[in-house]
Amino acid sequence: MQIFKEKLLDFCSKDETALDIGCADGKFTLSVAPFFKNVYGIDTSKVNLDIAKSHSSDEGSKNVEYSLQDAEHTSFEDSFFDVAYCRRGPTFYKEYYRILKTGGYYLEIGIGEMDTVELKMIFGRGQGYGKWDKSRLDENLKELQDLGFKVIFAENFHYFEYYPSYTKIDLFLQGVPIFEDFNSEKDRELLGKYVEKFQTPKGIRLPRHRVVMVSKKLK
């Protein structure tokens, strides 16, 4: 979401070092790298990192460094980063607090509890299934504040995506962890029910929910 990048750029500086937690293919990392002194990208997938490194080489970015690391236990020194951000879970706030400098910022965009809720109800399963009444934003904010972060910005964002055909939404579900066990053949009937119920003139409607947070390490 554009709002997340806008918030991140509000706290960037050419004198600062940032950490991209779960950098994936590195495209987002490279898009913000010109605004920082250095950016480190970490991921648990060697395949992702190989792709990210190839992109970095293509772009000629010299202030980006990638490494294969578990976000829960990184190799970075205490108080190393000015900014850390995460665009995909899971999140390990205690570790992020450790590696941030005092006065440093942590930013996150995460999946809200109501994401694709209508789809999950038809399937009877899925990521965060049945936890509609537990605010993801509230839970995250409490954890951050308990660790000593001050919340600067926190907001829920609800919106719809539209898919032009059954084939398109099927392909989408194959590539995301909404259903870790999604199977195009076995789930054909359930997906067909969803498509029939939520077909609109704009396409097959899918409700999305994201939470965006900005917090500051106080001490």
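Nothing in this text is a laboratory measurement; each read-out follows from the coordinates by a stated rule. Given the structure is predicted, the values throughout are model-derived calculations rather than measurements. Every residue, glycine as well, gets a Cβ built from its backbone with ideal geometry; the counts of neighbours run over all protein chains shown.
Side notes on the structure shown:
- Lone qualifier among TYR93, TYR66, TYR97, TYR106 - being crowded, with 16+ Cβ neighbours inside 10 Å and touching an Asp or Glu at 6+ places or on another chain (Cβ under 6 Å): TYR93
- Residue in the stretch 197-212 that is β-branched (Val, Ile, Thr), in contact with an Asp or Glu (Cβ under 8 Å, 6 or more places away or on another chain) and touching a residue at least 12 places away in the same chain (Cβ under 8 Å) present: yes
- The stretch 29-50: number of residues that are within 11 Å of LEU68 (Cα to Cα), aliphatic (A, V, I, L, M) and crowded, with 20+ Cβ neighbours inside 10 Å: 2
- The set of residues in the stretch 135-154 that are more than 18 Å from the chain's Cα centre (by Cα), in a helix (DSSP H, G or I) and exposed (fewer than 15 other Cβ atoms within 10 Å of the Cβ) comprises LYS142, GLN145, ASP146.
- Among residues of the stretch 191-207, those that are among the hydroxyl-bearing types (Ser, Thr, Tyr) and assigned to a helix (DSSP H, G or I), counted: 1
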